[in-house]
Amino acid sequence: MSKPTERFTTTVQDYLKYRPSYPHEVLQVLIEECGLSTQSTVADVGSGTGLFSKLLLDFGSTVYAVEPNQAMREAAEDFLKNYKNFYSIDGTAEATTLPSQSIDLVTVGTAFHWFDPVKTKIEFKRILTSPGWVMLMWNVRNQEQSMLIRDYEELILKYGTDYRESNARKFDKTAVADFFSPNQMKVRSFKNIQIFDWQGLQGRLLSASYSLRPGDVNYDTMMQELKKIFNKYQHDGCVEFLYETKLYYGRLYKG
């Protein structure tokens, strides 16, 4: 399995185009429960191509986007270049390079499963001001409510290069209450949907680090099976790709 910081280098453009952003309800939770304001300084850690950073920037907060993968970081820098309150940081969750007690809130979008939770907690406590709010988020494919997603899951289990072993499948075991202990971890979830035409569904698959690439053995067969899934569920040339956005959040400091 490739290093977590290198896994998405070949998927950057598909990731930027075809990965989902996050529902605006997430911002409401941050505002109402975690004290987010336009004056807040936020560290968006494992920020990737900047999908969640953009929501924070549109709201008006200052964002330090911490991302170790150069290709993804550069994509975010281009994507968010018109925001004066955006700062791109070459760092990791375990070593952000940010000054101590410089951050009001930490957000992590679909990345915490790649972190070392013990070292990450130490680093987050170092950079955060009290009370130290952290929100961990995942866009989880909703197999329970979507037959298309069930078929898609079978496809990537069959053809994914290391999907069965991928940390991306294990977030419920890593985003545990121990990370926020001795404080309480809160949980919320929201519906999230993408609408794809055939090109979009292909791009969504290719945005995954475990997907076969053009030229790989079985790549064409994988795409033929994906097209069958698309044809089975499409309506007026599009399919609905259903997620549940799961939030795990709490404070790292007492008070």
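Read-outs throughout are calculated quantities, based only on the coordinates presented, and are distinct from any laboratory measurement. If you're wondering where the values come from, they're calculated on a predicted model, not measured in any experiment. So basically every Cβ, Gly included, is an ideal-geometry build from the backbone, and we count neighbours across all protein chains shown.
The table for this structure:
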{"read-out": "Estimated FRET transfer efficiency (ASN82, ILE195; beta-carbon r; R0 41 Å; 0.05)", "value": "0.95"}
{"read-out": "Centroid-to-centroid separation of segment 171-247 and segment 94-108 [C-alpha atoms, Å]", "value": "29"}
{"read-out": "Neighbourhood net charge (12 Å Cβ-Cβ; Lys/Arg +1, Asp/Glu -1) for PHE230", "value": "0"}
{"read-out": "Normalised contact order of the chain, rounded percent, pairs of Cα under 8 Å and 6 or more residues apart", "value": "23"}
{"read-out": "Antiparallel DSSP beta bridges within the chain, as percent of all bridges there, nearest 5", "value": "55"}
{"read-out": "Projected label distance in nm at ASP236 and ARG150, using a 7 Å step from Cα toward the beta-carbon", "value": "2.6"}
{"read-out": "Table column - 3J(HN,Hα) (Hz), segment 73-86, Karplus curve with 6.51, -1.76, 1.60, x for Gly and Pro", "value": "4, 5, 5, 5, 4, 6, 4, 10, 5, 8, 9, 6, 9, 10"}
{"read-out": "On Cα atoms only, tilt of 219-233 relative to the major axis of the chain in degrees", "value": "90"}
{"read-out": "Distant-in-sequence amide H partners of ALA111 (H built 1.01 Å from N, under 5 Å)", "value": "MET137"}
{"read-out": "Sparse-neighbour loop sites [GluC sites (Glu not before Pro); segment 101-158; at most 14 other C-beta within 10 Å; DSSP]", "value": "GLU144"}
{"read-out": "Set of aspartates and glutamates near LYS158 by C-alpha distance (under 12 Å), chain-local residues within fewer than 8 positions excluded", "value": "GLU225"}
{"read-out": "Those residues of segment 19-54 whose amide nitrogen sits under 20 Å from the label point placed on GLN13, 7 Å along Cα→Cβ", "value": "19-20, 48-51"}
{"read-out": "Links that overshoot a 30 Å alpha carbon limit, given the list LYS17/LYS119; LYS81/LYS186; LYS17/LYS246; LYS17/LYS227; LYS54/LYS125; LYS119/LYS246", "value": "LYS17/LYS119; LYS81/LYS186"}
{"read-out": "Cα-based Rg of segment 50-105 normalised by 2.2 N^0.38 Å, two decimals", "value": "1.08"}
{"read-out": "GluC sites (Glu not before Pro) restricted to DSSP loop in segment 26-74 with at most 14 other C-beta within 10 Å", "value": "none"}
{"read-out": "Using alpha-carbon coordinates, inclination of helix 24-34 to the longest axis of the chain, degrees", "value": "20"}
{"read-out": "Dimensionless Rg/Rh of the chain - Kirkwood Rh, Rg from C-alpha atoms", "value": "0.97"}
{"read-out": "With Cα atoms, 0 to 90° folded angle of helix 147-159 axis to the chain main axis", "value": "90"}
